[in-house]
Amino acid sequence: MIPQNVIDEIRDRTDIVDVIGGFLDLKRAGRNLKTLCPFHGEKTPSFMVNPERQIYHCFGCGKGGNVFSFLMEYEGVGFVEAVRKLAGPLGIDVDQYLTGTEDKSRLDPYYRAMEFATRYFKEALTADDPATKTANEYLDRRGFPRDIIEQFSIGFAPPSWEGLYREATEKGLSREILLESGLIMRSRGGSGYRDYFRNRVIFPISNLAGRVVGFAGRVLDDSEPKYLNSMENPVYSKGKILYGLDQARDSIRTSKTAIIVEGYIDHLMLFSRGITNVAAVCGTALTEDQARLLARYAKRVYIINDGDRAGIRAAVRAADQLVLQALETYVVVLPENEDPDSYIRKEGVDALGELMRSAPDYFTYLREEAGKGRSTASRRRQVVEHLLATISRVDDAVRREILLQELSGHFELPVETLRTGLTQARPTRRAPEEPPRAARQPGGKRERIQKEMFRLGLAGRDLAGLIVDNIIEEDLEGEEFRLFHRALREAHEAGEDPAGAKFAASISDPALAGLASEIALMDQPPGPPGEVLRDMLLWVKKASLKGEMQAMKERIGQLREQSPGETTAEEIGIAEAYRQCARELGKLEIREDSRLDGS
Ligand SMILES: [Zn+2]
């Protein structure tokens, strides 16, 4: 475990503005900085970063927290990884705390197996034997510069049956981990094991953090299967990773533009020609997760697929996903039977740039496609139905309306007609892969007052003390608020001043971070803080007592209905508790009255 004081030091010495500013374009807005939220699609910025408190919060989707939770969410890494990332530049070595076996992450053995294999494949590419020579000839023929081979750690799996298996186990890697990582497999008879990749050029696949999680192996000749991919394993899930995104991310972020291709070779071909904002899907259709990943960094995406039927079908599926993420989507149409690699070889990289500049957006592309050939009317109908089905999956009503308007313009159909079509498409909509992220519902009065009360509590130690002394967790409505109360109480008891940046920024618990950052970024309610807070405390306490009494009343009603004319022990107990509540409520009112009288 990394000691808390080390975590605190890393957080205190890191400026959240620098970290988030390294990823997103932050604009000053009063005391905060703001930008478009990377976690949900939006057109006007509701994502705030507060330098004073070192927290961020999105008022659109409710996500928020400190610098660690931002990295965890944005980079898709765990807490330790987020801490490690920030520790590096500060010269703090956190790995020294992670040597104990109990602290080793569950995934570490898989990463280590992948690192071992990457090294093994890489070294094999420089070995002195005929198979290696063929592999290098292949790479030269494809025109990969040596620095690209180096940068992407391209390697070679020799034709041996168990070279990797033997060397890995000699180095102490466990057979189970190698099996689960998809690096070895049981041999046919079932008695032994053999290497999974043999006599193939190897492309390591990395996650966003740049760690290898799997491999793709390509044959050196025309035999089948052309590509062999790692199986999914605990660190690799195909639909969540885009090949090359870790290296393309910066240039995608700067240009706001991403290019998506289908294959590793296409990707490297573009990358080595200086087009660096490119990523590839790994032998699957583009998934919702991948599209969401792209939407973090890009505003527009160009899909460049093979110019055959399969390529076009895949492009349409990919475009559907991208449109759902509110990305401007363009379809680059290559001449028939060309892929990006072959096209660049023949026509050069500038010609591809030209194709991209004149590429139609997705709707235009489909309209033009539908206008080709015979039976145009029924094709048009199909295309419109397809798009309506896509639009019906958009959760955001405004975005849905914008897409409908666009569709209406493109196909010269009245928007009303389309809207009717949409309602018909909606009931049959496919269940989303995961439930839509619930934005925090604007709450009622009780929630608002609870928030304002805590906002005042963050203004200083005395005020936090007032809350802790007068209110208990159970007085609050909503689990998050109770958790927040507990965190505040613990900080108060530890002698912390919540007005310092520390308290709000110290909350990494995801169940709480959103509410905490929201409260911390609220304006302080007007008026003298102590008095205003006392009013609120009374209100909250009363609301709590009234709620409790209401529940008791209901219960008594139930009991009387169940056994009319009979007074049960439970009823007597409840009645007594009710009277106590009423007395307390009365006292509260007296306290409030006398205070209002100014005594
Ligand atoms: Zn958001």
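The values are calculated or read from the model by the stated rules, or taken from the named source; none is laboratory data. Just so we're clear, the structure is a prediction, and the values are computed from it rather than from any experiment. Ideal geometry is used to build each Cβ from the backbone, glycine not excepted, and the neighbour counts take in all protein chains shown.
What the table shows:
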item: Any hit, region 424-436, residues being under 22 Å from Q325 (Cβ atoms) and modelled with pLDDT of 50 or more; result: yes
item: Qualifying residue in region 300-310 (condition: basic (K, R) and within 19 Å of N277 (Cα to Cα)); result: yes
item: Enumeration of residues in region 134-184 that are of a type in the set (V, I, T), in contact with a helix residue (DSSP H, G or I) (Cβ under 8 Å, 6 or more places away or on another chain) and in a helix (DSSP H, G or I); result: I148, I149, T169, I177
item: Test for A499: is it on the phi < 0 side of the Ramachandran plot, among the small types (G, A, S) and part of a loop (DSSP other than H, G, I, E, B); result: yes
item: When residues of region 296-314 are limited to those that are at pLDDT below 90 and touching a strand residue (DSSP E or B) at 6+ places or on another chain (Cβ under 8 Å), the one surrounded by the fewest Cβ atoms within 10 Å (Cβ to Cβ); result: Y297
item: Test result for R313, in contact with a Leu (Cβ under 9 Å, 6 or more places away or on another chain) and closer than 23 Å to A285 by Cβ; result: no
item: All helices (runs of 4 or more DSSP H) inside region 18-133 with 3 or more residues being within 18 Å of the chain's Cα centre (by Cα) and either within 16 Å of the ligand (Cβ to nearest atom) or touching a residue at least 12 places away in the same chain (Cβ under 8 Å) (or both); result: 67-75, 79-87
item: Check on I519, surrounded by 16 or more Cβ atoms within 10 Å (Cβ to Cβ), touching a residue at least 40 places away in the same chain (Cβ under 8 Å) and not in a helix (DSSP H, G or I); result: no
item: Flag for S544 being surrounded by 16 or more Cβ atoms within 10 Å (Cβ to Cβ), assigned to a helix (DSSP H, G or I) and outside the structural domain of E73 (by TED's automatic domain parsing); result: yes
item: Test: residue in region 405-416 that is exposed (fewer than 15 other Cβ atoms within 10 Å of the Cβ), polar (S, T, N, Q) and either at pLDDT 85 or above or more than 30 Å from F39 (Cβ to Cβ) (or both); result: yes
